[in-house]
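Report on the following structure.
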Amino acid sequence: MSDPRSTLLVLQRYFWPGFDSTGPNQSVMEMIRALSDRFRFRVIADATPDEEAGRWTELHGIERLPLRAGWLGSKGLRETLIETPHAAILANSFFDPTQTIATLLLRRFGRIPYRPLLLASRGEFARSALATKPFRKNVYLRTMRAAGLLSGVIMQATDEREAADVARALGPNIPIVITPNIRTIAPLPFHPPRQPGEALRIAFLGRIDRIKNLDFALDRLREADVPARFNMYGVSLDEPYWLACRQSIERLPPHIVAKYHGVIPNGEVLPMMARHDLLLLPTGGENFGHAIVDSLAAGTPVLISDRTRWRGLEAEGAGWDVSLEDGGRFVAAIREAAGEDAEARARRRAAARSYIERAIHADCAIAIMTKCLESLVNNETVFRA
């Protein structure tokens with residue numbers, strides 16, 4: 001019996017297994033899990049070093065094709081887009097050369113069958129993101145517009161703020177659809193209480209790069225000068241930056257112990273966060289902020305910048321959202337968290353969980369995304385308005 005679902009090819013270069021705790025990866029996986037009864041998602045991703053490339057596999061119900069990166073895009077990408085029946089393409093990352101750019105070039109010059117294409121930039125047009133490698137990105141943007149590579153492409157944003165970022169970068173005439181991220185909240189994990197005299201347990205969860213601002217976190221932690229264990233989780237993609245952070249770690253006093261744990265599987269994130277007292281993430285900007293949601297869902301308060309959608313935390317008792325220009329407030333918040341007694345910590349943990357339960361509306365997001373993808377598959381003009 002043939003599959004009645006519409007097939008959607010998902011271009012997600014860094015995809016699980018291996019990168020499952022990164023934000024874009026989580027967004028894609030949540031979408032697939034929520035909508036797989038309506039659509040057949042088939043993911044094209046980079047092959048890991050130890051796996052066979054070019055062969056479709058299935059893991060926990062998710063179909064994935066690993067491809068090796070080549071000089072002009074992923075090897076076998078064109079053949080896959082020709083030979084694999086599909087109703088539409090969902091691309092993730094505007095600046096990805098091996099999949100997104102290669103597909104747009106193939107599409108523009110008629111080397112693959114024309115299919116509707118929805119492109120999620122995943123926060124890449126935020127001012128803080130464009131400030132990283134700006135020359136390369138500006139050249140690419142000008143080239144994209146001049147070559148007409150965005151003809152017929154629909155951009156996806158997760159909220160009005162991101163839609164404004166996309167329009168500012170690509171121009172007011174680019175079609176944009178706003179679909180909130182699908183995110184469900186898992187049951188509250190067990191929290192081992194901090195014992196009397198035990199150091200403050202702080203986590204950092206995110207890519208080790210300038211946008212996530214690990215060096216800023218280390219500097220504020222040193223200035224706070226309270227006993228702490230600082231555990232860092234995330235993939236390191238910027239070696240010079242990580243070297244600078246390691247030098248900052250070496251300057252920490254003996255009563256502040258920092259340890260880098262590398263990438264953490266997504267299934268282990270909530271239990272890990274529940275073992276901490278605070279998430280410290282002074283990010284330069286977030287498209288959604290899965291790490292923040294994970295921390296709050298685990299009942300762990302957060303100390304973050306004011307450059308995310310998660311605001312008003314202090315008034316809710318769930319943490320702090322602070323301007324990056326106010327380093328002293330970060331220091332004060334760390335000291336406040338360190339000085340709270342068991343009763344205050346329990347109240348704050350309950351407030352953190354309550355805040356995110358009220359903020360996440362999974363059913364609404366699923367309905368909006370379903371309508372979006374149905375319109376994309378049917379190439380409805382109302383979707384392009």
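Would a scan of the stretch 275-287 turn up a residue that is assigned to a strand (DSSP E or B) and either touching a Phe, Trp or Tyr at 6+ places or on another chain (Cβ under 6 Å) or farther than 17 Å from Arg229 by Cα (or both)? Full working, then the answer.
As a first pass, look at the stretch 275-287 and keep what is assigned to a strand (DSSP E or B): 278-281.
Then drop every residue that is not either touching a Phe, Trp or Tyr at 6+ places or on another chain (Cβ under 6 Å) or farther than 17 Å from Arg229 by Cα (or both), which leaves 280.
Yes, the stretch 275-287 has at least one match.
Counting only residues that are of a type in the set (A, V, I, L, M, F, W, C), surrounded by 21 or more Cβ atoms within 10 Å (Cβ to Cβ) and either touching a residue at least 40 places away in the same chain (Cβ under 8 Å) or out of contact with any strand residue (DSSP E or B) (no Cβ under 9 Å at 6 or more places or on another chain) (or both), how many does the stretch 311-338 have?
Here the count works out to 5.
Checking Ile304 against (1) in a helix (DSSP H, G or I); (2) surrounded by 23 or more Cβ atoms within 10 Å (Cβ to Cβ); (3) free of Cβ contacts under 8 Å to residues at least 60 places away in the same chain: exactly one of these is not met. Which one?
Only one criterion in (1) in a helix (DSSP H, G or I); (2) surrounded by 23 or more Cβ atoms within 10 Å (Cβ to Cβ); (3) free of Cβ contacts under 8 Å to residues at least 60 places away in the same chain is unmet by Ile304, namely (1).
Give Arg127, Arg122, Arg107 a once-over and let me know the one that is within 21 Å of the chain's Cα centre (by Cα), of a type in the set (Lys, Arg) and under 23 Å from Ser375 (Cβ atoms).
From the options Arg127, Arg122, Arg107, the qualifying one is Arg122.
Could you figure out which of (1) at pLDDT 95 or above; (2) not in a loop (DSSP other than H, G, I, E, B) isn't true of Leu324?
(2)
Could you say whether any residue in the stretch 225-244 is part of a helix (DSSP H, G or I) and among the hydroxyl-bearing types (Ser, Thr, Tyr)?
yes
Scan Ala169, Ala163 and give me the residue that is over 19 Å from the mean Cα position of the chain (by Cα) and assigned to a helix (DSSP H, G or I).
Answer to the selection: Ala169.
Any chance the stretch 33-40 includes a residue that's closer than 24 Å to Glu124 by Cβ, buried (at least 20 other Cβ atoms within 10 Å of the Cβ) and over 17 Å from the mean Cα position of the chain (by Cα)?
no
The values are calculated or read from the model by the stated rules, or taken from the named source; none is laboratory data. Treat the numbers as computed from the prediction; the structure is a model and nothing was measured. Cβ: placed from backbone, ideal geometry, glycine included. Neighbour counts: every protein chain shown.
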